[in-house]
Amino acid sequence: MKPVLYTIYKTTCLVSQKFYFGVHKTENPHDAYLGSGKYLLRAVAKHGPANFLKQVLFVFDESNRESAFAKEDELIQCYRGDPLCMNLRKGGSGGFDYINQNGMGRNFSPVFLATGRRHSESGFIQRLGRIYGRKAVTSGRLAKLRTPEHQAAAGKVSGRANVLSGHLDRIRTPQSLAKAHRNAGLAAKKSGQLARISLKGTHVYWHERRGIISSDCKFCQGEAA
């Protein structure tokens with residue numbers, strides 16, 4: 001049996017750049033759940049699930065449930081004054097645990113609950129998301145949204161959240177960076193050209209798109225020459 005986890009996530013609309021913070025109880029931290037906020041649900045219905053990016057910022061085990069809600073409240077209070085923030089209330093409560101404990105779910109009719117369960121089990125909700133995504137691609141809307149300017153703006157929003165939350169400091173330790181360099185070197189030795197292609201992709205993502213020239217990157221030095 002998989003352990004129950006509490007994830008703190010951020011869902012960003014790739015169309016409007018509006019974002020939503022929430023806490024989610026799950027066995028799979030990277031499931032398809034986007035959130036249940038009022039404005040968020042309206043935005044998903046308008047733009048389609050394919051136009052939303054979900055990022056898991058923190059993961060807590062079941063014994064640290066209160067810490068998870070406290071972290072959600074901390075993030076919401078930090079960004080609540082931002083016009084792009086879609087959170088209507090303070091964090092620290094809510095979700096199905098809160099609803100069930102306070103009897104707020106009793107107003108749902110059995111028919112409503114059965115319909116939602118049937119749609120989930122039959123895969124209807126997932127198919128609906130794929131339909132929205134396919135329409136966005138065939139209409140050219142996705143290509144219009146995913147321009148270099150749009151990607152740069154989305155990266156700045158995500159980067160700011162990672163810095164303020166301390167997530168970036170935790171993952172960019174000397175040990176993790178050294179390990180990443182070692183792994184890249186081993187891959188280059190083992191796979192030859194394939195590793196070179198992989199390293200080139202890393203260079204494009206981390207340096208070229210951001211206009212950064214690194215003295216440690218041979219691709220940067222080659223382009224700068």
- Query: Which of the residues spanning region 23-42 are hydrophobic (A, V, I, L, M, F, W, C) and loosely packed, with under 15 Cβ neighbours inside 10 Å?
  - Reply: Ala32, Leu41
- Item | Hey, Val56 assigned by TED's automatic domain parsing to the domain that holds Arg130, surrounded by 15 or more Cβ atoms within 10 Å (Cβ to Cβ) and out of contact with any Pro (no Cβ under 9 Å at 6 or more places or on another chain) or not | no
- Message: I need every pair where a residue in region 1-28 that is modelled with pLDDT of 90 or more has its Cβ under 6 Å from the Cβ of a residue that is surrounded by fewer than 19 Cβ atoms within 10 Å (Cβ to Cβ) and of a type in the set (D, E, K, R), sequence separation at least 6 or different chains.
- Response: Tyr6/Lys25; Tyr6/Arg65
- From the list Gln175, Gln221, which residue is in a helix (DSSP H, G or I), at pLDDT 70 or above and loosely packed, with under 10 Cβ neighbours inside 10 Å? Gln175
- Any idea which of Tyr98, Tyr132 is closer than 16 Å to Pro49 by Cα, part of a helix (DSSP H, G or I) and either modelled with pLDDT under 75 or of a type in the set (Phe, Trp, Tyr) (or both)? Tyr132
- Item | Only listed residue being surrounded by fewer than 13 Cβ atoms within 10 Å (Cβ to Cβ) and modelled with pLDDT of 85 or more, chosen from Ala45, Ala68 | Ala45
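The values are calculated or read from the model by the stated rules, or taken from the named source; none is laboratory data. These figures come from a predicted structure and were not determined experimentally. Note that we place each Cβ from the backbone using ideal geometry, even for glycine, and neighbour counts take in every protein chain shown.
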